């Protein structure tokens, strides 16, 4: 299984995996409007890989078959100050 991977022109670290290069017919219009102009990053042979950087490869494959696309969103931004306060047991009360 080969898929095309596009990055968003509007949202940093947001990627769209589709089954066939330049075929966005299965991607909802609202998603395409939010995504902006797709920028081709690579053609990716999923059958020759056992993992991906930030996405679960089995979920990517499954959603490509079921929906015709997979949207990879960036990881949530961690508030390092709050994490540090929690780690040290800081409680202002």
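Computed from the coordinates by the stated procedures, all read-outs in this text should not be read as laboratory data. Just so you know, these numbers come straight off a predicted model, no measurement behind them.
For the chain, what is the calculated [θ] at 222 nm in deg cm²/dmol (nearest 500), taking -39500 (n - 2.57) for each run of four or more DSSP H residues and dividing by its residue count? Before the final figure, lay out the partial values.
Numbers: 3 runs with 26 residues, N = 93.
Calculated at 222 nm, the ellipticity per residue is -8000 deg cm²/dmol.
Can you check what the Kirkwood hydrodynamic radius comes to for the stretch 44-93, Cα pairs only, in Å to one decimal? If you can, show how the numbers build up before the last one.
On the way: mean 1/r = 0.0713 Å⁻¹.
Taking the inverse mean of 1/r over all distinct Cα pairs, the stretch 44-93 comes out at 14.0 Å.
P(r) of the stretch 1-79 in 5 Å steps, Cα pairs, percent per bin?
3, 15, 29, 26, 18, 7, 2, 0
Would you mind checking the tilt of helix 57-66 against the longest principal axis of the Cα atoms of the chain, expressed as 0 to 90 degrees and rounded to 10?
50
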